[in-house]
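The values are calculated or read from the model by the stated rules, or taken from the named source; none is laboratory data. Everything numeric here is computed off the predicted structure, so don't read it as measured data. Heads up, the Cβs are rebuilt from the backbone with ideal geometry, glycines too, and the neighbour counts pull from every protein chain shown. Surface accessibility is based on the protein's heavy atoms, side chains included, excluding ligands, DNA and RNA. Shrake-Rupley method; radii C 1.70, N 1.55, O 1.52, S 1.80 Å.
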Amino acid sequence: MVSTTYILSIQYYQQLLQMAKPKDTSVCQLCIQNPLDESDAISWIRCDICRQWLHTICANIPTSQLGKIASYHCAECEADHGPSHLKRQLKRARVKIDYVALDQGEVFAVDKSEHPHVSTFLAFEPEADRSKKLSYIDIVSAEELTKHYVLSTELPKPVLVPNVDNGESGMELPCARENITVAYITEKTGNNEPVEVMDVLSQQSESPGWNLGQWRKYFYTDALDRDRIRNVISLEVSEVEDLGKSFLRPEMVRQMDLVDKVWCDSDGNNQKRPKVTVYCLMSVAGSYTDFHIDFSGTPVYYTVCLGTKTFLMYPPTEDNLLLFKLWCQEPQQNFMWFGDYSKRIRGKKMKPSNGFRVNLHKGDLFIIPSGWIHSVHTPKDAVIIGGNYLTLRDVPMHLKIYNIEKETRVPAKYRFPMFNKVLWLTSWYYFNHKDEFLADTGLNLGKQETTQYLDNQESNQYLVIPGVKQEYAIKTEHETIYPAKEINDDTKKLESTSDNDKRRMILESMIAHLKEHYETSKTKPVARKSIPFALIGKNIPEYLEKLENWAKEYQTI
């Protein structure tokens with residue numbers, strides 16, 4: 001029988017041999033018993049004393065700290081040589097020069113650390129006061145944000161729902177809000193997923209393109225070590241497991257989304273519904289998106305998961321939209337601040353009017369109504385979940401913005417996907433569900449209730465925005481303020497006519513667009529593919545005549 005003492009002696013001898021064996025400095029010793037799954041996304045660092053390479057995640061070194069380390073000492077070497085040495089930080093920040101811009105003769109974007117419009121943006125007044133219920137925005141509770149609220153008020157202003165918990169307003173996040181990070185989004189979507197990365201200074205896409213693994217590495221790089229400011233605002237994730245598929249949009253959005261209601265691929269063209277419902281927006285501090293209108297004037301829902309955002313917004317009045325169109329057509333648009341842009345209109349020099357800033361914080365849910373002009377700044381690294389949707393009540397505004405996009409030659413990839421097909425399907429659906437047309441326009445709903453809602457808000461002032469629908473007189477402590485007259489001629493008609501006339505105008509604007517699209521389809525196969533012949537038949541003029549007769553049913557006698 002072999003003695004226990006002899007066995008222990010052999011084990012001790014083997015341990016001594018193992019200790020004497022030189023370590024492989026190219027293998028991380030911290031996870032050698034349970035090695036990490038190697039990939040390009042894993043960062044390494046080498047000890048400047050023992051020359052041992054370690055995974056930064058194993059050494060518990062945040063990616064954001066890597067650029068600050070001048071000389072790294074591993075845990076074993078720290079005992080004899082002290083802690084790692086950090087780079088000396090200058091008290092006076094150095095300006096990063098955009099030599100690409102200089103080489104191209106542009107002096108406007110010399111400083112790479114900030115977009116030239118940001119200082120003007122931050123100095124802009126007024127700013128919406130979140131403490132007051134009635135100001136430049138409407139602040140409502142999660143329970144108040146309903147389809148009925150939208151239809152009865154007609155959304156004259158953006159709406160803020162502060163501090164929305166998971167499940168409130170019918171919105172379900174894929175996980176705890178604090179866990180929705182760039183790392184989480186990359187993990188669920190995949191390192192190799194292509195992502196459009198915008199260069200903030202040029203407001204153009206990076207070329208060649210990036211993948212999410214590259215974006216994650218950039219996002220977690222220390223701000224001082226980023227070569228340029230970049231932004232991701234168009235990563236659509238509605239089909240991603242444990243992300244978009246597990247996310248439930250606010251109930252009001254789901255109830256009003258026109259595509260949800262009417263979409264079908266009746267002609268078998270393998271056309272999938274537009275993927276615009278769930279976006280992940282990821283912005284580093286200092287990011288800036290210049291003034292724009294979301295494609296086809298779609299309303300937007302927008303919830304902040306990390307960081308902060310600031311919007312500067314202008315209402316879609318007739319003059320503001322005309323100025324925006326002219327500004328977009330300027331050859332030097334990038335160098336012009338929209339807020340200062342002016343043109344002579346109807347014999348009078350005009351500038352954008354009634355603009356304001358609003359700050360959003362983690363937990364906020366923000367609703368941007370149809371057609372609003374806005375720019376966005378990111379004070380702190382931010383992660384957002386948001387999306388776009390078309391609504392029946394906004395069809396006239398959708399068409400107005402669609403035409404502006406055509407006139408300003410917005411590239412097709414930045415327009416609402418299959419917009420024309422959605423309108424054909426909308427016309428067919430509501431022609432066959434006229435009771436739902438009445439309900440979904442909702443123009444005669446709850447005016448008394450809405451007046452009570454507005455009266456009950458804790459505020460003694462109310463901002464009247466010309467050119468935006470405001471049907472209700474607001475009583476304050478001092479006086480009754482009545483809505484200003486409308487600037488927009490079409491909206492003037494809406495304010496002075498019956499609900500049936502408003503419905504007729506929605507139909508007439510849609511029919512006029514479908515007629516134009518039908519004419520285009522005669523010479524362009526792509527346009528023809530958007531018409532659902534299997535539903536409406538091949539006699540399009542006859543179908544359009546049926547729609548016109550339907551619209552006449554709402555003509556005021």
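Kindly check whether there is at least one residue in the range 242-256 that is within 30 Å of Val140 (Cα to Cα), crowded, with 17+ Cβ neighbours inside 10 Å and among the small types (Gly, Ala, Ser). Yes: one or more hits. Based on what the data block shows, is Val200 in contact with a Lys or Arg (Cβ under 9 Å, 6 or more places away or on another chain) and open to solvent by less than 50 Å² (accessible area, probe 1.4 Å)? Yes; evaluated as a whole, the condition is true for this residue. Note on the range 181-202: among residues that are among the polar types (S, T, N, Q) and part of a helix (DSSP H, G or I), the one that is farthest from Trp215 (Cα to Cα) is Thr189.
Scanning the range 523-554 for residues that are in a loop (DSSP other than H, G, I, E, B), among the β-branched types (Val, Ile, Thr) and in contact (Cβ under 8 Å) with a residue 24 or more places away in the chain yields one hit, Ile531. When each of Phe311, Phe291 is tested for being closer than 22 Å to Glu407 by Cβ, in contact (Cβ under 8 Å) with a residue 24 or more places away in the chain, in a strand (DSSP E or B) and aromatic (Phe, Trp, Tyr), the lone residue that passes is Phe291. Among the residues of the range 346-364, those that are surrounded by 14 or more Cβ atoms within 10 Å (Cβ to Cβ) and either of a type in the set (S, T, N, Q) or over 30 Å from Asp381 (Cβ atoms) (or both) comprise Met350, Lys351, Ser353, Asn354, Asn359. Leu151 meets each of the listed conditions (1) in a helix (DSSP H, G or I); (2) closer than 30 Å to Pro208 by Cα; (3) in contact with a Gly (Cβ under 9 Å, 6 or more places away or on another chain) apart from (2). The set of residues from the range 319-338 being farther than 16 Å from Asp294 by Cα, charged (D, E, K, R) and surrounded by 15 or more Cβ atoms within 10 Å (Cβ to Cβ) comprises just one member, Asp319.
When Glu239 is tested against (1) more than 20 Å from Val118 (Cα to Cα); (2) at pLDDT 95 or above; (3) touching a helix residue (DSSP H, G or I) at 6+ places or on another chain (Cβ under 8 Å); (4) surrounded by fewer than 21 Cβ atoms within 10 Å (Cβ to Cβ), just one condition goes unmet, and that condition is (3).
Taking the range 418-443 only, how many residues are in a loop (DSSP other than H, G, I, E, B) and either within 20 Å of Tyr518 (Cβ to Cβ) or free of Cβ contacts under 8 Å to residues at least 12 places away in the same chain (or both)?
Here the count works out to 3.
For beta carbons closer than 7 Å, sequence separation of 6+ or different chains, a first residue in the range 58-79 that is closer than 23 Å to Val182 by Cα and a second that is open to solvent by 70 Å² or more (accessible area, probe 1.4 Å), the qualifying pairs are Cys58/Leu30; Ala59/Leu30; Thr63/Tyr220; Ser64/Tyr220; Gly67/Leu224; Gly67/Asp225; Lys68/Leu86; Lys68/Lys87. Applying a threshold of 7 Å to beta carbon distances and a minimum spacing of six or more residues, or different chains, the list of pairs starting in the range 165-180 at a residue that is closer than 17 Å to His361 by Cα and in a loop (DSSP other than H, G, I, E, B) and ending at one that is aromatic (Phe, Trp, Tyr) and modelled with pLDDT of 95 or more reads Leu173/Phe247.
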